[in-house]
Structures are given as C-alpha cells and as structure tokens.
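Every number in this text was worked out from the coordinates using simple rules, so none of it is lab data. Everything numeric here is computed off the predicted structure, so don't read it as measured data. Cβ coordinates were reconstructed from backbone atoms using ideal geometry, including for glycine residues, and neighbour counts include every protein chain displayed.
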Amino acid sequence: MPLFYRPRLLLLPALLLCGTCGQLQAAQFELDGVEGELANNVRAMLSVDDALLQAPPPTASRLRYLHRQAPEEIRRALQPFGYYNPVLQLEINLDGPAEQWAARYRIDVGPITRIRSAQLVLEGEGAQDSVLQQVLTDTNVRTDEPLRHADYTALKSSLQSRAAERGYYEAMLRVSEIRVDPEQNLADIELVYDTGIRARIGEIRFDKAPVSEALLRRYLPFESGDPVNTAHLIELQRNLINSDYFADVEVRPQLAELDNAELPVDVKLTPRKRSLYQAGFGYGTDTGARMQVGLTRRWVNSRGHTLNSRLRLSEIRQQFTTNYEIPGFQPTTDRFALNLKLQDEQSDTIDARSYGIGGSWQKQIGDWERHLSLDWEQESWVFEGDEQDSTLLIPRARFSRTIADNRLNTRKGHQISFGVGVASQNLLSDTDLLQLDLRGKRVDSLSDRWRLLSRAELGITLIDSVDDLPATMRYYAGGDNSVRGYDYQSLGPVGGDGDVIGGRYLVTGSVEVDYLIRENWRVAAFIDTGNAFDDADTELKTGAGFGARWQSPVGPVRLDLAMPLDESGWRIHFTLGPDL
C-alpha cells in the first residue's frame, strides 16, 4: 500500500474513539457554601463525589445509597473545624442518561463551636517545667476560642515531643477529653498530662580517642546527675565535631539501660586523620600570582595541642607562620597559642623584612570574639634609600563580631572589628605608640534581587614621628579591598622622591549595589573613597565602577572594572571570598 494512505487508516480509529467520548463523559457534582480546607475535607470524606465523577459512573441505585450516606459524612468532615450544626441542602438528579446525572450540595456550616472551659493540667515532676508550661501558654486551646480539633491534636503532640526531649520518658495522658454540647455550640476540654519522673544523665562513656578523656569531658555542656535535655546532647555532638579531632560523632542515650531514672550516654567517636596537608594556587590583582602550602597536626599529644604551619608565597610577599595552639579550660570558647611569623614584603610601596614571636588568647563571648596577644617584633625597612629598623613589644586586643544569614551567600548581615595596640620605650620597645582601628561591613537585602553592600575603615596611630613607625604598621589605601580604581597601597603620604611611604591615619568607605540577573550571577555598581594621610586636610581619593559576581561554592568571585575620578584610565580588580 502506498505510504500516503496510512494517515487515513490511523484517523478512522481516532474518530471512532471520539464517538464514544459522550458515552464516557462523567456526571456533574457541585459543592457550594464551603471553600478552602473545609471544602477539601468535605470532598475527601464524601463517597458520592468520587463515584459520581467516575466515567462511567456506577449504577443509579449505588449512587442513591451513597447520597443517603452524605449527610453523616459531611457532618464528620465539618466537626474537626468546630461546626456541629450545619444546614444541608443535598440534591441529586439521576434521570436520563448517565452523562446528564448531577448532584448539587449546598452547605451552611452554621455557628462555630467555642470552648467553654479548658482545663489543661501538668502533673508529676514536670509540673513546674517552664518549657512544658510554655506549651500550654502558646496553645490555641483556650476558653472562648473556636474549637479546632487540629489545635488539640497539636497540643498533645507538642507536649509529648517536649517531654521526650527533656527526659520525661514515663509521661502519659491521664485524661484527654473533648465534651461537645451541640445544642449550645459549646465544648469543654479536659487534659491532664502526667510527666512522671525526669531522667538524669547517668554514666557518660567515651569511645577510645587520640586525645585524653579529661580533655573530652571539658567539651561536655552537662554532667552526670544533670536532667536529660536532648538539646544538650546535640550541643555535645556539635562541640566535639567543631574540635576538629573527629570526622563523626554520635551521642547515644541508652534507653534500654535506663534504671532508677538514670540514663547512660555513649559517645561514639571516629577520629580524623592526624595530619592535614594543604596546597593551593591563586591570583589577585593586589598580590599577583600566589601559592600556599600548609600542614595541620590536629593533635600533637593526648592533651589535644595543635600545630598549624603555613608558607605563603606571592609576587609581593613571602610569609611563613606557625601556631602552636592549646585548648583552654573551656575548649569550645577558649584557645591559647604560641605564634611565630617571618615575612619579607617587596612591593611598589614597601621594602621590609620582619619576624616576630608571641602568644595569644582567643575567647568567644556570646557573638563577640576577643583576641588578646603579646608580640615581640623585629622589622627592618627601606624608604627613599634609607634603611631603618625597630624592635617593639606590643600588647594587642581585638574584638570582632560577624552575624550573617549565610556566611558564603549573604543576604543580610554585618561584621564589625575593633583593635588596639600599644608599645612603650619603658617596655622593651624603641618608641612609644598607640594604634587603633575600626572596621565595619554590612549587607542589606533591598528586595528579592537587589542588595546594598557598605564598608568603612578608620585607622589612627599616635606616635611622635612617623619615621619611627615600621613600614608594615603604616596605613595605605588603594586596591581590591580599599579604594578600587587605584593600585594596591598606592595612596598615602609620599616621600621626597615621590614614593608612597604610608601614614598615621586611614579613612576609607564604600557603597555598592548589586542585582541578581540569574541564579548565582550578579552585576554590581560601586563607589569607593578614602586615603591614608598625616595631615587632616589631605584630599580623599574616589573611584567608581561596575563589575560581575559569580557565587561559587567557596564564596563570591568578583571581577570589577574601576576608574579613579581624578585620573584617567581603568583598573581591573579580581577577588574571591565571602562578603563578610
């Protein structure tokens, strides 16, 4: 048969099939008077609804039977929402062919039932437990409130889950009743929840670990004999994971061993590899090509001491640091360290070599991180052909706080940091100085796609002569994280040969807006201003431009094109890292 005849043969069965469509057409069902969750629950309970809409529907006798069941089904569907006296107008027409059958159900839900009295009682050891009392305070099951069975179910569920979290393992409902007076549309509720005895933490058993059990117990947010609290068990797991000694931690309450209200707790520990080797390569417009290699010894001994060593090499700076860290008495918040630093910086602005040794104490106080240190630093530097050197013993303090909804992809948050350092000729230093700095960043969400980013930095150094201030402690402006449009550290006081030699003071600020054009991609426009200076009448320098942002797994990658407003030309800036 020729190919062009085949479409006609396929069309014939299709026409025959369409000819039966009218015979398979379902009947009609209409529901009026309710909507939303009420309508959904009614239709879910109604049998006649599903049956009538079948194609073809069942027999007329079957539908008449289901129609007779409908009033009771509707009442059961409305009662969980507090409607016990609905007025129903239910009509069904089964005359003629099946496709003409129809039902129309009109529902007037009537007055809602209200709670006349609600007796909610806690008994047992947990009767005064503030968390369980708060559950009773927060519930909608109260006198004069509408009766909703879902609220009552939620109340019981919340009591049971909170009780289990807090160690009331024998808790039970002594009384749980809803008594409805349909004639008056009122309900009385009585609930008596007996918590029984609250379990206490029994023996705490740690797996064998590479650090001592004495150190592990300093991570405990509870002790044997304390009341059970699931939140504290989770906190212990988080503390041990954050210690970096373990790849996995499981805190297991042994309910099968619960005896005399004492609950043993097993802590299963999976250690990390003892040594972590790291290497990385990168590029930044401030630093040029750079690389880093590092070694972290997660535990040097059973006391949990840690050794971190880093070698960082770039086109302008070579730096070696090593930190020997010691957990404090509260290792989740306290850490001591002995620090060694060697650095050689050769940039267009700085020609300096320095080394230092010191100790520090880092402590978390709420949202704030406090860092206290004492460093002995030796530095030699060259400006305008003259070589100088200095020796300083510097106590420093820094307080910082970062709050963000997401550290890697921030929609709202801020960061603030304040530092102070001091040196004195009476304390093994070549000069007297006081240095303070204040830094802040902020991210605000203006809409689903727009963000506003702002930052500011202020630095002040009090010293008799800036010539005595080491090159690495002087202030400079310009670069990726300062005033874009200008080269790295190209802004500041200049010497007799025109080279930037840095200053005692620093002021910078920036305002930027960005717009999400597609997932993980943004465009931005910005304006930066600031300078480093020795005299208050120094002119601030301003740069402006635009850029692109890609949200990588490790934070935003930024590519900016910026122009100084008092000079010609453009400068490219490339940076990687979180906004805060």
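Points 7 angstrom from Cα along the Cβ direction at Gln330 and Glu190: gap in nanometres?
In this crude spin-label approximation the distance works out to 4.9 nm.
Using only Cα positions of the chain, each an equal point scatterer, no hydration layer, compute I(q)/I(0) via Debye at q = 0.07, 0.08 Å⁻¹ and quote the log10 values to two decimals.
Rounded to two decimals, the profile gives -0.76, -0.86.
Compute the acute angle (0 to 90°) between the alpha-carbon long axis of helix 36-45 and the principal axis of greatest extent of the alpha-carbon atoms of the chain; round to the nearest 10°.
Result, in degrees: 50.
What is the Rg over Rh value, at two decimals, for the range 24-108, using alpha-carbon atoms and the Kirkwood definition of Rh?
On the way: Rg = 12.7 Å, Rh = 13.0 Å.
That ratio equals 0.97.
Give me the one-decimal Kirkwood hydrodynamic radius in Å for the range 177-317, with the sum taken over alpha-carbon pairs. Mind dumping the intermediate values first?
Details: mean 1/r = 0.0510 Å⁻¹.
Result for the range 177-317, one decimal place: 19.6 Å.
For the range 312-422, what's the radius of gyration and Dmax over Cα atoms, in angstrom?
Using the Cα atoms of the range 312-422, the pair Rg, Dmax is 17.3, 51 Å.
Cα-based Rg of the range 275-366 per 2.2 N^0.38 Å, rounded to two decimals? Working shown, then result.
Numbers: Rg = 15.7 Å, N = 92, 2.2 N^0.38 = 12.3 Å.
Relative to the rule-of-thumb radius for its length, the range 275-366 sits at 1.28.
In the range 458-580, how does Rg compare with the Kirkwood Rh, expressed as the Rg/Rh ratio over alpha carbon atoms? All intermediate terms of the calculation are to be shown ahead of the outcome.
Working: Rg = 16.2 Å, Rh = 15.5 Å.
Checking Rg against Rh, the ratio lands at 1.04.
So, with +1 on the Cβ of K and R and -1 on the Cβ of D and E, and no other charges, what is the size of the charge dipole of the range 24-108 about its Cα centre, to the nearest 20 debye?
Rounded to the nearest 20 debye, it is 280 debye.
I need the calculated FRET efficiency for the pair Asp138 and Arg64, taking r as the beta carbon distance and R₀ as 60 Å, to the nearest 0.05.
Working: r = 48 Å, r/R0 = 0.80.
In this case the efficiency is close to 0.80.
Starting at 0 and stepping by 10 Å, how many percent of the alpha carbon pairs of the range 411-500 end up in each bin?
Spelled out per bin, shortest first, that is 14, 33, 30, 16, 7, 1.
Tell me the mean residue ellipticity at 222 nm calculated for the chain from its helices only (DSSP H runs of n ≥ 4, each -39500 (n - 2.57), averaged over every residue, nearest 500). Numbers along the way, then the final one.
Details: 9 runs with 97 residues, N = 580.
Mean residue ellipticity at 222 nm (helix-derived): -5000 deg cm²/dmol.
Once the Cα gyration tensor of the range 379-460 is diagonalised, what are the square roots of 5 times its eigenvalues, in whole Å and ordered largest first, as equivalent ellipsoid semi-axes?
On the way: eigenvalues 299, 49, 18 Å².
Each semi-axis is the square root of five times an eigenvalue, giving 39, 16, 9 Å.
In whole Hz and in residue order, list the ³J(HN,Hα) couplings for the range 333-338 that follow from phi through the Karplus curve 6.51 cos²θ - 1.76 cosθ + 1.60, θ = phi - 60°; x for Gly and Pro.
Karplus values, whole Hz, x for Gly and Pro: 10, 10, 8, 9, 8, 10.
So what's the Cα pair-distance distribution over the range 114-194, bin width 5 Å, in %?
3, 15, 29, 24, 15, 9, 4, 2, 0
Relative to the longest principal axis of the chain, what angle (0 to 90°, nearest 10) does the C-alpha long axis of helix 6-19 take?
60 degrees
Where does helix 230-242 land angle-wise versus the long Cα axis of the chain, in degrees 0 to 90, nearest 10?
Helix 230-242 sits roughly 40 degrees off the main axis of the chain.
Rounded to the nearest 0.05, what FRET efficiency do Ser454 and Ala154 have when you use their Cβ-Cβ distance and R0 = 51 Å? Spell out each step's value before the answer.
Details: r = 43 Å, r/R0 = 0.85.
The formula returns an efficiency of 0.75 here.
Test of the criteria: in the range 274-349, which trypsin sites (Lys or Arg not before Pro) are in a DSSP loop and have at most 13 other Cβ atoms within 10 angstrom of their Cβ? The partial results should precede the final answer.
Working: sites: Arg274, Arg290, Arg297, Arg298, Arg303, Arg310, Arg312, Arg317, Arg335, Lys341; in loops: Arg274, Arg298, Arg303.
Listed in order of number, the matching sites are Arg274, Arg303.
What FRET efficiency comes out for Leu561 versus Arg439 if R0 is 25 angstrom and r is the Cβ-Cβ distance? Round to the nearest 0.05. If you can, show how the numbers build up before the last one.
Details: r = 25 Å, r/R0 = 1.01.
Given R0 = 25 Å and the Cβ-Cβ separation, E is 0.50.
Mind checking the full-extension length gain between Leu276 and Glu35? Use 0.36 nm per residue of separation minus the Cα-Cα distance, one decimal, nm.
Values: separation 241, 0.36 × 241 = 86.76 nm, distance 6.15 nm.
Separation in residues times 0.36 nm, less the Cα-Cα distance, equals 80.6 nm.
For the range 476-566, which GluC sites (Glu not before Pro) are both in a DSSP coil and crowded by at most 12 other Cβ atoms within 10 Å? Write down the numbers at each step before the final one.
Numbers: sites: Glu512, Glu519, Glu539; in loops: Glu519, Glu539.
Listed in order of number, the matching sites are Glu519, Glu539.
How many angstrom lie between the Cα centre of the range 275-340 and the Cα centre of the range 432-461?
So the separation of the two Cα centres works out to 26 Å.
Does the range 275-576 classify as rounded, prolate or oblate by the C-alpha gyration tensor (a ≥ b ≥ c root eigenvalues; a/c under 1.5 gives rounded; else a/b over b/c gives prolate, otherwise oblate)?
Since a/c reaches 1.5 but b/c is at least a/b, the shape of the range 275-576 is classed as oblate.
Exactly which trypsin sites (Lys or Arg not before Pro) in the range 161-264 are in a DSSP loop and have at most 15 other Cβ atoms within 10 Å?
Values: sites: Arg162, Arg166, Arg174, Arg179, Arg198, Arg200, Arg205, Lys208, Arg217, Arg218, Arg238; in loops: Arg166, Arg198, Lys208, Arg218.
Here the sparse-neighbourhood loop sites are Lys208.
Hey, could you pull the Cα Rg and Dmax for the range 200-271, both in Å?
Calculated on Cα positions, Rg and Dmax stand at 11.7, 36 Å.
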